[in-house]
Every structure is written in structure tokens, then in C-alpha cells.
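**Q** Below is a structure I'd like to ask you about.
The values are calculated or read from the model by the stated rules, or taken from the named source; none is laboratory data. Predicted model only: the values in this text are computed from it and were never measured. Cβ: placed from backbone, ideal geometry, glycine included. Neighbour counts: every protein chain shown. Surface accessibility is based on the protein's heavy atoms, side chains included, excluding ligands, DNA and RNA. Shrake-Rupley method; radii C 1.70, N 1.55, O 1.52, S 1.80 Å.
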Protein chains: 2
Amino acid sequence: MQIEFLGTGSGVPGKFRNVSCTALRLLDECNSVWLFDVGEGTQQQILRSNLKPRKINKIFITHLHGDHIFGLPGLLSSRSFQGGNTPLTIYGPKGIKDFVQVSLGVSKTKLSYKIIYQELTTPGKIFEDPKFTVYMNTLDHQIESFGYRVEEHDHPGELMVDKLKAAKIPSGPIYGRIKAGESVQLDDGRVINGADFIGKAQKGRVVAILGDTRKNPNSLSLAKNADVLVHESTFSKDEAGLARNYYHSTNAQAAILAKKANVHKLLLTHISSRYTGKMANVLQKQARAIFKNTSVVRDFDVVDVPFDKNQTV
Amino acid sequence: MQIEFLGTGSGVPGKFRNVSCTALRLLDECNSVWLFDVGEGTQQQILRSNLKPRKINKIFITHLHGDHIFGLPGLLSSRSFQGGNTPLTIYGPKGIKDFVQVSLGVSKTKLSYKIIYQELTTPGKIFEDPKFTVYMNTLDHQIESFGYRVEEHDHPGELMVDKLKAAKIPSGPIYGRIKAGESVQLDDGRVINGADFIGKAQKGRVVAILGDTRKNPNSLSLAKNADVLVHESTFSKDEAGLARNYYHSTNAQAAILAKKANVHKLLLTHISSRYTGKMANVLQKQARAIFKNTSVVRDFDVVDVPFDKNQTV
Ligand SMILES: [Zn+2]
Ligand SMILES: [Zn+2]
């Protein structure tokens with residue numbers, strides 16, 4: 001599990017930061033990539049990364065501002081052109097379906113795969129499969145804006161096959177009962193405890209990716225105890241007034257949230273072009289004074305989300 | 001007058017060629033820039049050029065395929081963000097207005113200027129002002145596709161003020177009559193011929209920019225005697241069958257057209273990513289064997305369109 005930043009700018013593309021797109025790489029977990037927002041030029045950024053468009057099977061849109069959605073029709077077309085033929089689900093605010101359908105319709109684009117639209121209206125669980133659950137909650141932007149929380153399910157401990165073999169326990173249906181943690185009597189009379197042959201369970205990881213927002217109470221529940229929180233940082237510490245007026249956040253507000261929510265790592269994105277080059281370091285430094293494990297990310301940064309070795313279930 | 005190529009690729013963006021956009025720079029002529037097609041990422045290409053979005057006051061769309069229009073909503077937004085406040089006219093096939101309005105509507109984009117939509121249905125003159133006339137004619141692509149012909153009006157000869165002064169002809173309302181070519185009697189009795197004091201008239205330039213098309217009869221009238229013909233070249237000489245099936249042209253077909261139409265220069269664009277790097281030279285070489293003054297253009301090429309010194313009116 002890694003997070004790859006394909007567009008870390010704010011509002012309009014700059015020379016160094018494209019408009020918003022964050023990729024959650026789940027290649028080891030389920031051979032897929034999930035995108036959060038698709039600003040214009042996302043498909044060009046993907047060309048410069050090693051992501052394969054056909055592996056993208058979920059797209060989560062945080063809100064409908066142009067810098068977060070105008071790359072969607074082009075990406076969907078290219079995914080088809082490049083051999084994508086598995087269904088793709090788009091989650092987002094009401095209106096996203098109309099935008100995509102009119103764009104593809106006017107341009108007479110025929111896709112080689114099916115799009116499933118999930119226009120979200122109610123906060124809560126929006127997706128669940130055996131490996132992940134995704135939650136949405138609303139934020140506070142001028143238009144409807146969502147934050148997403150991706151929870152990986154805990155990994156149950158693995159059956160310790162080598163240890164079973166060393167104890168001369170013959171393989172067979174009995175392994176299933178041992179894996180289930182049962183106490184089992186063997187043919188030779190021995191009674192063994194399944195739990196002794198199961199490795200440590202591993203706590204699933206949590207990633208919270210929030211859309212544009214000003215300070216609001218829902219962010220806390222989205223971010224609570226997350227391994228990684230991806231948060232906008234359109235303004236700097238001294239610009240809380242501007243942030244409020246424009247429905248955005250400062251780096252300090254994001255850092256305070258990270259601290260309160262007890263996250264492990266804070267990644268700041270949606271950086272204004274007013275903070276070019278070394279100026280972005282100032283944003284990072286100010287935020288680190290509040291929450292140490294903070295980074296201002298750049299386009300094409302890939303951040304690993306490791307298991308927390310100390311957190312077993 | 002120059003032509004700047006902002007996207008010379010075909011279908012999907014490649015690492016070296018973005019999707020379609022051609023800019024006609026009319027900065028000396030009328031302090032404006034006209035765009036022909038706006039593929040996704042055009043605003044990012046403009047960032048890397050020295051064009052100013054606010055100077056773009058006309059956009060001509062050749063056809064509605066995604067690689068020719070998906071950059072339009074983002075460019076329109078950025079033009080507003082960057083201080084554009086003068087009206088902008090969009091010419092194109094029926095459907096372009098719906099695409100732009102839904103995109104801007106869904107994203108709640110408020111522009112600081114007015115868009116005038118000219119959905120074209122009838123070939124012929126589509127625009128005229130004191131300096132330029134623009135014509136449209138239909139081509140042969142799978143969907144409606146247009147070619148545009150921009151005719152600069154002839155420049156009348158300039159009044160030779162230095163020569164008038166040397167001949168001791170006093171300035172005054174009489175200069176207007178001289179400029180009009182009249183024969184005038186001066187107060188000192190001399191009769192002078194206005195035509196002797198007017199410089200050479202200069203023939204206006206003609207640029208033809210055609211959308212995606214296969215071989216068709218209308219291209220000839222669009223290109224006739226043009227100073228520059230910009231033509232697609234999706235396939236190579238040996239792929240006429242493919243070109244026909246996919247409603248595109250080969251380099252050879254474009255060159256034959258250039259020759260028949262007696263154009264001065266042929267610029268080949270819409271180059272498939274199958275022709276990377278030096279492979280594009282092959283396209284150029286094949287075309288030059290038919291029409292010598294041919295170039296395969298690349299992203300960011302700027303081609304001057306000079307006055308033809310031999311062609312006075
Ligand atoms: Zn934004
Ligand atoms: Zn095309």
C-alpha cells in the first residue's frame with residue numbers, strides 16, 4: 001500500500017504542481033489502484049508514473065470543482081484505449097454522472113468497460129469487500145465536499161505450516177480446524193491447541209483522504225487514528241482568515257487535526273502556487289512545529305503506508 | 001503572424017506529443033491569439049509557452065472527439081482566473097455549447113467574461129472583421145469535422161510621408177485625398193498623382209487549418225493557394241487502407257493535397273505515437289518526396305507566416 005501524488009497543486013495547474021489527483025496503490029493487496037480526484041492532465045501525469053490506467057477500478061471524487069474533475073473524461077477514454085475492460089466505479093457528489101455522461105456523449109466516446117456511478121448523499125459506509133471498508137463524511141467547502149476513510153481489514157494470523165511440520169502433524173482437513181484456532185486431538189492421541197500454530201494477527205491500515213475544506217468537526221472522525229492523513233493546505237498558518245473566507249484550510253489547522261486525531265503521518269497537498277520551491281518548506285516547518293510527522297508532498301512523490309509493527313489485533 | 005503547436009499528437013497524449021491544439025498568434029495583427037482545438041492539457045502546455053490565456057479571444061473547434069475538446073473547460077477557467085475579462089467566441093459543431101455549459105455548470109465555475117457560442121451548421125463565411133475573414137467547410141471524419149480557412153485582408157499601401165515632405169507638400173486634409181490615390185492640385189499650382197505617394201499594397205496571408213479527415217473534395221477549396229496548410233497525418237504513405245477505415249489521412253494524401261492546392265508550406269500534425277522520435281522523420285521524408293516544403297511539427301514549434309514579398313495586390 002502506497003500513496004502516489006499525481007497532482008498536488010491548488011486551483012489551477014502550475015509549472016511544478018498539477019491540479020488534484022491522489023492515487024492509493026493497492027497492488028499487493030488487490031492488484032488495483034484507486035484514484036481520489038482527477039484534475040485535468042491526470043492521464044499525462046500517469047504517463048510519467050508507472051501506474052497502469054487499466055488497474056484503476058475505483059475513483060473517488062471529493063467535490064466537483066474543475067481542478068478536481070476536468071481530467072476524468074480523458075482518463076476514462078485512455079483507460080479504454082489502453083485495454084481496460086473491467087468495470088470501474090466512480091463515487092462522488094451528485095452531478096458527477098451528468099458531467100461524465102455529457103462529456104463522453106458529446107465526444108461520441110465508446111468505452112470498452114462499464115462505469116458504475118455511485119452518487120453519494122448520505123455519510124457512512126459506502127463500500128465494503130473482504131479486504132477494505134470505505135467511509136465518506138461531508139466537509140465544509142463552498143460546494144458539497146467529501147472526505148474518504150479507507151480501512152483495511154485486519155489480517156488474521158497465518159497458519160505456521162513449518163511449525164506444524166516440525167511437530168510432525170500431518171497435513172489434511174485438520175489444518176483448517178487448527179487455523180480456526182480449535183483444540184484438536186490427533187490420531188496419535190496428542191491434543192494440540194490451534195492458537196499455538198497461528199502467527200500474529202496484523203492490524204489493518206487506515207488512510208484518510210480529505211477533499212477541500214475549511215476547519216470542521218467531521219474531519220476528526222474521518223482521520224481518527226489513521227496511519228496516514230492526506231489533507232489540503234491551501235493557506236499558511238498566518239492566513240486563517242483567508243482560509244475561512246475561501247473555504248480552505250491552513251497548514252496549522254491540518255496539523256492540529258492530525259494531532260487531535262492521533263494519526264501517524266500527515267501529508268499536506270493542494271499547495272498554492274504562491275508557495276513555490278523553498279517556500280513550501282516554510283509550510284512544512286510551520287506544520288511540523290505542531291505535528292512532527294508532517295510532509296508537504298510534491299507531484300510524483302510515493303509514500304509507503306507500512307503496517308504498524310506494534311499494533312497487533 | 002505565427003502558428004504555435006501546443007499539441008501535435010493523435011488520439012491519446014504521449015510522452016512527447018500532447019493531444020490537439022494549434023495556436024494562431026495574431027499579436028502584431030490584432031493583439032490576439034486564436035486556438036484551433038483544445039485537447040486535455042492545453043492549459044498546461046500554454047504554461048510552458050509564452051502565450052497569455054487572456055489574449056485568446058477565439059477558439060475554433062474542428063470536431064468533438066475528446067482529444068480535441070477535453071481541455072476546454074480547464075482553459076476557460078484558467079483564462080478567468082488569470083484576469084481574462086474580454087468576451088471569447090467558441091466556434092464548433094453542434095454539441096460544443098452543451099459540453100462547455102455542463103462542465104462549467106457542474107463545477108460551479110463562474111467566469112469573469114462572456115462566452116459567445118457559434119455552433120456551425122452551414123459551410124461558408126463564419127467571421128469577418130476589418131482585418132480577417134474566416135471560412136468553414138466540412139470534412140470527412142466519422143463525426144462532423146470542420147476545416148477552417150483564415151484569410152487576412154490585403155494591406156493597402158502606406159502613405160509615403162517622407163516622400164511627401166521631401167516634395168514639400170504641406171500636411172493637412174489633402175493627405176487623405178492623396179492616400180485615396182486621387183489626383184490633387186496644390187495651392188502652388190502643382191498637380192500631383194496620389195498613386196505616386198502610396199507604397200506597395202501587400203497581399204494578405206492565408207492559413208488553412210483542417211480537422212481530422214480522410215481524403216475528401218472540400219479540403220482543396222479550403223487549402224487553395226494558402227500560405228500555410230496545417231493538416232493531420234495520422235498514418236503513413238503505405239497505410240491508405242487504414243486511413244480510410246479510421247477516417248484519417250496519410251502523409252502522402254496531405255502532400256498531394258498541398259501540391260494540388262498550390263500552398264506555400266505544409267505542416268503535418270496529429271502524429272500517431274507509433275511514430276516516435278526519428279520515425280517522424282520518415283513521415284516527413286515521404287511527404288517531401290511529393291511536396292517539398294513540408295514539415296512534421298512537434299509540440300512547441302513556432303512557425304512564422306511571412307508576407308509573400310512577390311505577391312503584391
Ligand atoms: Zn481544489
Ligand atoms: Zn484527433
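**Q** Per residue, what accessible area does the protein assembly as shown have, given a 1.4 Å probe and all protein chains present, in Å²?
**A** Accessible area per residue: 45 Å².
**Q** Which of these, A:ASP301, A:ASP212, A:ASP140, has the largest mean-square fluctuation under a Gaussian network model of chain A (Cα springs below 10 Å)?
**A** A:ASP301
**Q** Separate question: Need the C-alpha centroid separation for the range A:165-218 versus the range B:245-285, integer Å.
**A** First find each Cα centre; the distance between them is then 63 Å.
**Q** Among A:VAL263, A:VAL303, A:VAL230, whose mean-square fluctuation peaks in a Gaussian network model of chain A (Cα, cutoff 10 Å)?
**A** For chain A, modelled as a Gaussian network with Cα springs under 10 Å, the answer is A:VAL303.
**Q** Output the residues of the range A:104-127 meeting this criterion: accessible area (heavy atoms, 1.4 Å probe) in the chain alone minus accessible area with all protein chains in place is 50 Å² or greater.
**A** Checking the loss per residue gives A:VAL106, A:SER107.
**Q** Straight-line reach only, C-alpha to C-alpha below 20 angstrom: list the lysines that B:LYS278 could link to, leaving out same-chain residues fewer than 8 apart.
**A** Counting by Cα, and skipping residues close in sequence, B:LYS278 has these lysines nearby: B:LYS15, B:LYS237, B:LYS292.
**Q** Shortest first, in nm, what separates the label point of A:LYS15 from those of the same position in the other copies (7 Å along Cα→Cβ)?
**A** 2.3
**Q** Which residue, B:GLY176, B:GLY71, B:GLY124, has the most motion in a Gaussian network model of chain B that connects Cα atoms within less than 10 Å?
**A** B:GLY176
**Q** To the nearest 20 debye, what is the magnitude of the charge dipole of the protein assembly as shown about its Cα centre, counting +1 on the Cβ of each Lys and Arg and -1 on the Cβ of each Asp and Glu?
**A** Using only the charged Cβ atoms, the result is roughly 780 debye.
**Q** I've got another one for you. In chain A, how does Rg compare with the Kirkwood Rh, expressed as the Rg/Rh ratio over alpha carbon atoms?
**A** We get a ratio of 1.06 for chain A.
**Q** Of all DSSP beta bridges in chain B, what percent run antiparallel (nearest 5)?
**A** In chain B, DSSP labels about 60 percent of beta bridges as antiparallel.
**Q** Considering the zone a paramagnetic label at B:THR86 would reach in this model (a point 7 Å from Cα along the Cα-to-Cβ line), which residues of the range B:33-51 have amide N under 13 Å from it?
**A** Only B:33-34 fall inside the zone, counting backbone N under 13 Å.
**Q** Counting only C-alpha contacts under 8 Å and six or more residues apart, can you give the relative contact order of chain B as a whole percent?
**A** After rounding, I find 17 percent.
**Q** Further question on the same structure: Quick check on the range B:84-185: of the DSSP beta bridges with both residues there, what percent are antiparallel, nearest 5%?
**A** Taking every DSSP beta bridge with both residues in the range B:84-185, the antiparallel ones total about 70 percent.
**Q** To the nearest 100 Å², how much accessible surface do chains A and B cover up together, summed over both, with a 1.4 Å probe?
**A** Adding both sides of the contact gives about 2700 Å².
**Q** Let me ask something else about it. For chain B, with only Lys/Arg (+1) and Asp/Glu (-1) charged at the beta-carbon, what is the dipole magnitude about the Cα centre, in debye rounded to 20?
**A** 500
**Q** Next up: Which residues of the range B:50-68 show a drop of at least 30 Å² in accessible area when all protein chains are present, compared with their chain alone (probe radius 1.4 Å, heavy atoms only, ligands and nucleic acids excluded)?
**A** SASA drop of 30 Å² or more in the range B:50-68: B:LEU64.
**Q** Would you please classify the overall shape of the range A:267-307 from the alpha carbon gyration tensor, given that a ≥ b ≥ c denote the square roots of the eigenvalues, rounded means a/c under 1.5, and beyond that prolate means a/b larger than b/c while oblate covers the rest?
**A** Verdict is oblate for the range A:267-307.
**Q** Hey, could you get me the Stokes-Einstein D for the protein assembly as shown, Kirkwood radius over alpha-carbon pairs, 25 °C and 0.890 mPa s, rounded to whole µm² s⁻¹?
**A** It comes out at roughly 88 µm²/s.
**Q** Something else: Suppose you put the label 7 Å out from Cα in the Cβ direction; list, shortest first and in nm with one decimal, how far A:ILE143 is from each other copy's label.
**A** When each copy's label point is compared with this one, the spacings are 2.2 nm.
**Q** Given a cut-off of under 8 Å on Cα pairs at least six residues apart, what relative contact order in percent is computed for the range B:1-142?
**A** Relative contact order for the range B:1-142 comes out at 16 percent.
**Q** Would you mind telling me the share, in percent, of accessible area of the protein assembly as shown contributed by carbon and sulfur at probe 1.4 angstrom?
**A** The computed percentage sits at 50.
**Q** Also: Counting Lys and Arg as +1 and Asp and Glu as -1, what is the net charge of the other residues whose Cβ lies under 15 Å from the Cβ of B:THR8?
**A** Net of charged neighbours comes to -3.
**Q** With +1 on the Cβ of every Lys and Arg and -1 on the Cβ of every Asp and Glu, and nothing else charged, how large is the dipole of the range B:63-149 about its Cα centre, in debye rounded to the nearest 20?
**A** Using only the charged Cβ atoms, the result is roughly 380 debye.
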